[in-house]
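Read the structure below first, then the notes.
The values are calculated or read from the model by the stated rules, or taken from the named source; none is laboratory data. Note that the structure is a prediction, hence the values are computed from the model and not measured. For neighbour counting, all protein chains shown are included, and Cβ atoms are generated from backbone atoms with ideal geometry for every residue, glycine included. Ligands, DNA and RNA are stripped out before the accessible areas are found, and what is left, the full protein with its side chains, is counted by its heavy atoms. Shrake-Rupley method; radii C 1.70, N 1.55, O 1.52, S 1.80 Å.
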Amino acid sequence: MTAERKPRKDAARNRAAIFAAADALFTECHNPEDVTMADIAAAAGVGKGTLFRSFGDRTGLIRALYEARLEPVREAVEAGPAPLGPRTAPLERVPALLDAVLCLKLDNRHLALALETSGADSPYRTEHYERWHALLRDLLERIPGLTSCDFTAHALLAATRADLVAYLAGEKAVPREELRRRLADFTASVLDAGARRAAERTDPVRADVLTDP
């Protein structure tokens, strides 16, 4: 039994060291593409073979580290209470989901950038993007008045792209709470437009009220 536990403990310790080393290197490096598997292995004090056996390749390592950061948000989305949980009304859940994505990328800008540049040169081909897009599209389809929900989901998620978040928070030094407020205002404008279209079809008078500032 003891002999079995030691390899498991060693694997867990190596994984933690690899995650810590990769996190530090991606934080320090201005260009995520400059961080190699050899760099991470050296910083973690493990052999390159350990990295490739554990994660397959560089993209697999980045994805595993990002997924570890994402896990609390995923749990809240899948089984948590409002406003992220599945029982929340779409009009409340959509802005909450986008805010959660934004905060995740603000807290993990270096990893998000590395991951979004690893999907065959397109952030839209990454697994985590497809997952967020599908969830957001399904919620938008449940909101009366909204059209082109597939495209609208893409447009809303574009406001949380890692390169945009890094540019605004880094080069432009926009404060965190200001970015969150701007995203909330943008999301509200999209959802309000849908509400106005729905009202126009059923109650033109109410549509005029919704349009008035």
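Per the 1.4 Å probe, what fraction of the accessible area of the range 1-118, in percent, lies on carbon and sulfur atoms?
Values: 3390 of 6170 Å².
On the range 1-118, the fraction of accessible area on carbon and sulfur atoms equals 55 percent.
Return the calculated 222 nm mean residue ellipticity for the chain, to the nearest 500 deg cm²/dmol, obtained by summing -39500 (n - 2.57) across DSSP H runs with n ≥ 4 and dividing by the residue count. Please list the in-between numbers first.
Values: 11 runs with 155 residues, N = 213.
Per the formula, -23500 deg cm²/dmol.
What is the chain's relative contact order, in percent, from Cα pairs under 8 angstrom and six or more apart in sequence? It would help to have the intermediate numbers written out before the result.
Numbers: 179 pairs, mean separation 33.9, N = 213.
Dividing the mean separation by the residue count of the chain yields 16 percent.
Could you compute the net charge surrounding Phe55? Neighbours are other residues with a C-beta less than 10 Å from the C-beta of Phe55; K and R count +1, D and E count -1. List each step's numbers first, then the result.
Values: positive: Arg15, Arg53, Arg58, Arg63; negative: Asp57.
Within the 10 Å Cβ shell, the charges total +3.
When we measure straight from the Cα of Lys9, which lysines land under 30 angstrom away, once same-chain ones fewer than 8 places off are left out?
Within reach: Lys48.
Could you sort the peptides 132-140, 69-77 by per-residue average Cβ neighbour count (10 Å cutoff), highest mean leading? The partial results should precede the final answer.
Values: 132-140: 17.7, 69-77: 15.3.
So the peptides 132-140, 69-77, ranked by packing, come out 132-140, 69-77.
Nearest 10 degrees is fine. How inclined is helix 127-140 to the longest principal axis of the chain, computing both from alpha carbons?
20
As an exercise, take the mean of 1/r over every pair of distinct alpha carbons in the chain, invert it, and state the Kirkwood radius in angstroms.
Details: mean 1/r = 0.0518 Å⁻¹.
Final number for the Kirkwood radius of the chain is 19.3 Å.
Suppose every K and R has +1 on its Cβ and every D and E has -1 on its Cβ; what is the size of the dipole of the chain about the Cα centre, in Debye to the nearest 20?
720
Using a/c under 1.5 as the rounded threshold, could you call the range 1-104 rounded, prolate or oblate? The axes a ≥ b ≥ c are square roots of the C-alpha gyration tensor eigenvalues, and prolate needs a/b larger than b/c, oblate otherwise.
Working: a/c = 3.55, a/b = 1.68, b/c = 2.11.
Cα axes put the range 1-104 in the oblate bin.
So how do 50-60, 165-175 stack up, highest first, on mean other-Cβ count within 10 Å? Walk me through the numbers on the way to the answer.
Numbers: 50-60: 15.8, 165-175: 13.5.
By packing density, highest mean first, the sequence is 50-60, 165-175.
Under a cut-off of 13 Å between alpha-carbon atoms, report the aspartates and glutamates in cross-link reach of Lys172, not counting same-chain residues fewer than 8 places apart.
Correct list for Lys172: Asp163.
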